[in-house]
Ligand SMILES: [Zn+2]
């Protein structure tokens, strides 16, 4: 998988696609609200205290699409950047949970493959049926 293979396509934002699908399920959300210091999920469902992050496959190191091996002059740069993103993800998740939010991470590829299924995962979280994400 090349570095350009995933996460930087331009066929619409996965975050927007997911929001549309979530809205279609009748869930109401707020965008880019800060739920903890320096922690701003992509959107939140305030009524049920669910915070949703949409993670880009490349920049967040998706197990299916994240580049495993970098080549070229920027290789170290990318590795560092992705490691930093993952660390920030973990920190954000912890901060949001500590503030009482149930955190859901959705991969960009899950949305691209099937926004409705991804949205249903959000809906399950709102009813507390999904086990806590690792
Ligand atoms: Zn992916």
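The values are calculated or read from the model by the stated rules, or taken from the named source; none is laboratory data. All values reported here derive from a predicted model rather than from experimental measurement. Neighbour counts run over all protein chains shown; Cβ positions are idealised from the backbone, glycine included.
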Residue ID - farthest from the ligand (Cβ to nearest atom), chosen from residues in the range 70-80 that are exposed (fewer than 13 other Cβ atoms within 10 Å of the Cβ) and not in a loop (DSSP other than H, G, I, E, B): 76
Yes or no: residue 83 assigned to a helix (DSSP H, G or I), away from the ligand (no atom under 16 Å from the Cβ) and loosely packed, with under 13 Cβ neighbours inside 10 Å? yes
Selection over the range 38-47 where residues are in a strand (DSSP E or B) and modelled with pLDDT of 95 or more yields a count of 3
Answer with yes or no whether residue 67 is more than 19 Å from residue 115 (Cβ to Cβ), crowded, with 19+ Cβ neighbours inside 10 Å, in contact (Cβ under 8 Å) with a residue 40 or more places away in the chain and within 16 Å of the ligand (Cβ to nearest atom). yes
Residue 93: surrounded by 14 or more Cβ atoms within 10 Å (Cβ to Cβ) and farther than 17 Å from residue 22 by Cβ, yes or no? yes
Any chance the range 13-34 includes a residue that's surrounded by 18 or more Cβ atoms within 10 Å (Cβ to Cβ), touching a helix residue (DSSP H, G or I) at 6+ places or on another chain (Cβ under 9 Å) and more than 29 Å from residue 127 (Cβ to Cβ)? no
I need the full set of residues from the range 86-120 which are part of a loop (DSSP other than H, G, I, E, B) and either touching a residue at least 12 places away in the same chain (Cβ under 8 Å) or within 12 Å of the ligand (Cβ to nearest atom) (or both), in order please. 99, 100, 101
Have a look at 54, 22, 35, 50 and point out the one that is within 14 Å of the ligand (Cβ to nearest atom) and at pLDDT 95 or above. 54
Please specify each residue of the range 22-37 satisfying the condition of being more than 16 Å from the chain's Cα centre (by Cα), free of Cβ contacts under 8 Å to residues at least 60 places away in the same chain and assigned to a loop (DSSP other than H, G, I, E, B). 26, 28, 37
Which numbered condition trips up residue 62, out of (1) away from the ligand (no atom under 16 Å from the Cβ); (2) in a loop (DSSP other than H, G, I, E, B); (3) crowded, with 18+ Cβ neighbours inside 10 Å? (1)
In the range 48-59, how many are closer than 14 Å to residue 102 by Cβ and outside any loop (DSSP other than H, G, I, E, B)? 5
